Every structure is written in C-alpha cells, then in structure tokens.
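Encoded as structure tokens, the structure appears first; notes follow it.
No lab work stands behind these numbers, since they all come straight from the coordinates. The shown structure was predicted, so the numbers you read here are calculated from the model rather than taken from an experiment. In this analysis, Cβ positions are derived from the backbone assuming ideal geometry, glycine residues included, and neighbour counts consider all displayed protein chains.
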Amino acid sequence: MKGVTSWSFHPCKPLLFDAGEITVCRVCPGPGRISFDWLPLPEEDRPVYTVLWRRRGSEEPFLTRETAETTALLEDLEDGIDYEFAVKCGEKRSRLRLARPGFVPGDSVVNYLHPEDGAYSFSGHCLCSPSLVRHPDGFLLASMDVFEGGAPQDLSLIFRSDDDGVTWRYVSELFPCFWGRLFVHRGALYMLACSTEYGDLLIGRSDDGGVSFGMPTVLLRGSSGFRQKGVHKNPQPVMVYGGRLWITLEWGSWASGTHAAMCASVDEDADLLDASAWHFTPPVPYDPAWEGAAEGPSPGCIEGCPVVFPDGKLYNVMRYEIGGCRPSFGLACVMKVFPEEPDRPLEFDRMIRFPGNHAKFEIHFDPVSRQYLSIVCYLDESHPSGRNLLSLIASEDCEHWRRVKDIFDYAHLPAGEVGFQYVDFFIEGDDILFLSRTAFNGAANFHDANYSVFSRIRDFRALL
C-alpha cells in the first residue's frame, strides 16, 4: 500500500470500511423508477454485472437482471416505498443501497442519498453544500459534501453534465473536503473548502476537469473538532475586485455560540496554491449593540456573501440569525470590506431588510437589467419561517428587495420535512442556472437533505 499523493479518489475507501468491491457512485430516483451508476471493475475483461433489487425488508427473493453496462434503470416501482438494490459480478458485490422513488421538484437530479443509506457513513448520511460551475471546456460541474451533525463530515462528490444539466455522471471524490466551492480562475478549476467542520481551510486545483486534484494547500489552520472554534464557510461566490480574489468566511462554532466575520483575499495574478500569497482579515464578532440589530439573544451572523453595492464598494452581506428576536426574520447584516488594506478587520456598516436571512443565500448583479438577484428561502408575515418556499427576489439598490417569482412553493407541506436551501446559482445568457440542497420525499428532516437538484430559470429578465 502506497502513500497518498492526491486529494481526489475514484472512489474514497477508508481503511477497514466495508465499501464493497463494486462502487455505486450515483443514485437518481424519479417517479416510479430508480436509476443508478457504478464504477467498472478495471481488472475484469468484459465483465457481466448482475443487478439485484426488491422492496426494502422484503422476504421475497431479489429480482435480477444482467448487463454489460455500468448503469441500470429500475422501472414500474411504487412511489413512496423504499427499495434496496446492489450490483455483483462473480464474487464481487456492491454495498446494499437504498432509494425511494417519487417526484422531486427541479429539472434533474444530480445525486441522491437515502437518509439510512450507510454507503458514506464514514462522512455522513445527507447531501449538503451545493456548488455549480461552468468549466471553460463547456461542461457543467456540480459538487456536494456528505454531512451529518456530529459525524466526521469530510467527503465531497463531484458530478459532470455534458448536455447543460439534462443528465449527470460521476467524476470524482475529494477527501477531506467539506463546505466546498468550485470556481474557475484563469482557465483552471479550483476547489476551496474546509477539511471538515471548523477544520483547516484548503484550496486545490484540477487540470483535467475535476477528475484529479493534486494535494491541497492549507491556507488557514482550523480546529480539531466541531466543539472548538475554527473555520466556518459555505460555497459562496469568489469575487474579483480591485485586482484581488475575495472570499468570505467566519471563525467560531455553534458550540461556542458565536461566529466572527472575516474575509480572505489573494492577488489575482498570484499562484492561488501559495499560502503565503493570501491575506486574512482578523475575525470580528457580532455585537448586539450594532445599530438596527434585532432585540433579543442572537448567535449573530454567518455565511456572508461578497457583493459590490451601487456605490462601487465591496461589502460582506451576512445571514443573520434572529429567530426568537424582535423582529424574528427579515434582516441581513452588511459588513464593509477595505480592499486597499487586505489585513484590516471588517467594519459593521448597516442592517438591511432582506426576506431570506435565515438560510445561506447568494447575491449576484445582472449587468443587463442592472438589478441584484438572489434565490432565497422566502419569508414574510404570512410565511415567517421554514425553507419550503424558494423564491427569486430582485433589487435595484441591494437594500429594497421585491419578490419576483416563487420557484418551488411547497409551503403547504410540513416545514420540518421539506427544504430547498443553500442554492448556488449563476447567470448565463438569458437564464439562471442553480443547484439546490433539497429535502423531499422522505428526507430525515428539512435540514438533512437527500437530493442535490439542478434547475434552470429560463428568460428570467422577462420576470423582472
């Protein structure tokens, strides 16, 4: 057994973990069906695989089918019922996997993970941190991590679409990699992530479309566990401003009760894998005395988004946790960035009204319509909580927001069971392309998502 020389794996198989000899690398349930793919056995000459499936827990024998392909489609299944399935070839076999057929909102399922499927239990049981990017060679790449509260949370999965999101296929896995953001700079693909929750901040590069990543560079040391303060981030956009690349992050932990706002930056001409080229602003804790802050106990702000406001200045617009305060929703915190002084702490600037403050959001400026856009878990007086209503909102000044279109409206379903959240999106031509962390059709709960779903808002400017 040789030492590790890469960040990427195909697949990641921890020592002594029962991963099976055949790896089911993607699962995609739909109405009345389950499709899934597996990695080929490289040492076999023209292998013939046997697909096995049945209702979960059934005492009936498995149904079987032989194929020379590395993909299978099971049809005529009953929605809302769990099925178990596997693949074997001779004496080699995959883990027994789980899926539940049924409808899920969106254009295409990138990946699915049943909440009781243990295939990635060394990292978690749910899908999180959606990241979506258009590669310079024309294809789409989507990534997500596998998480669970209190679990290691250190595996990310990457998938590719060559037909603009209609179909997806497995590319690679990164380990350790959590809260990852794919982005392209100067024609190269990068992943910016943490090693685990509150772990080290890492960056790595791929020169072959995400198939392989060299060993990552440690940019900032975090903590050794989720109970200690460390690096907190999410897949926010990487902003180019003033000749530098800017990212947002926080220092803290939920266990410690606080997260302090930070930014990191690097000269756009620098080697991004050179840690010495990066600068970090000192962490600034939340202060309940800030003007306009909600009244009552609040853990503060997380998951900031870099935005250039109409005044031409760079700001960090942050999700603001105010459930149980007065008001209990509808405020976001704006921190000022000082681009000419990349080591200077951020400064509180203002609170703004924002109807999606209780979950991660992104804000993008559309130069054609001259409007700011965001896709949020929408909140108002009639819907003051929950993540079961996903909406497109717009603003001319980044301070006064209006609801443009409800994308997924499932406010009639239990808020504890359904969630469309942490959307990563970008504008391309007349459309908005986005990836959603989606909890639907039997997720463990609204937060612990079982789907990563791609969607497109066509001709979005007509809605404005």
Filter result for the condition that a residue is at positive phi and out of contact with any Lys or Arg (no Cβ under 8 Å at 6 or more places or on another chain), over G180, G165, G209, G138: G138
Strands (runs of 3 or more DSSP E) lying entirely in region 83-176 (those with 1 or more residues that are touching a Ser or Thr at 6+ places or on another chain (Cβ under 6 Å)): 83-89, 108-112, 126-134, 140-147, 155-161, 169-174
Single residue of G257, G292 found to be of a type in the set (G, A, S), surrounded by fewer than 18 Cβ atoms within 10 Å (Cβ to Cβ) and over 27 Å from the mean Cα position of the chain (by Cα): G292
Residues of region 365-376 classified as more than 20 Å from F440 (Cα to Cα) and assigned to a strand (DSSP E or B), total: 6
Pair list, Cβ under 8 Å, 6 or more apart: region 245-264 residue closer than 9 Å to K229 by Cα, other residue among the polar types (S, T, N, Q): G252/T258; S253/S223; S253/Q228; A255/Q228; S256/Q228; H259/S253
Hey, F178 within 24 Å of F434 (Cα to Cα), under 15 Å from the mean Cα position of the chain (by Cα) and crowded, with 23+ Cβ neighbours inside 10 Å or not: yes
Counted residues, region 1-55 - those being touching a Pro at 6+ places or on another chain (Cβ under 6 Å), of a type outside the set (S, T, Y) and in a loop (DSSP other than H, G, I, E, B): 3
Residue count for region 377-393, restricted to those that are over 25 Å from R456 (Cβ atoms) and assigned to a loop (DSSP other than H, G, I, E, B): 4
Residue ranges of strands (runs of 3 or more DSSP E) in region 288-364 with at least 2 members in contact (Cβ under 8 Å) with a residue 60 or more places away in the chain and within 24 Å of E268 (Cα to Cα): 300-308, 314-321
Selection status of D409, surrounded by fewer than 16 Cβ atoms within 10 Å (Cβ to Cβ), at negative phi and touching a residue at least 12 places away in the same chain (Cβ under 8 Å): no
Any chance G106 is more than 19 Å from S212 (Cβ to Cβ) and of a type in the set (G, A, S): yes
Single unsatisfied condition, V231 versus (1) among the β-branched types (V, I, T); (2) closer than 20 Å to E340 by Cβ; (3) buried (at least 23 other Cβ atoms within 10 Å of the Cβ): (2)
So A72, is it surrounded by 13 or more Cβ atoms within 10 Å (Cβ to Cβ), touching a residue at least 12 places away in the same chain (Cβ under 8 Å), part of a strand (DSSP E or B) and in contact with a Ser or Thr (Cβ under 6 Å, 6 or more places away or on another chain): no
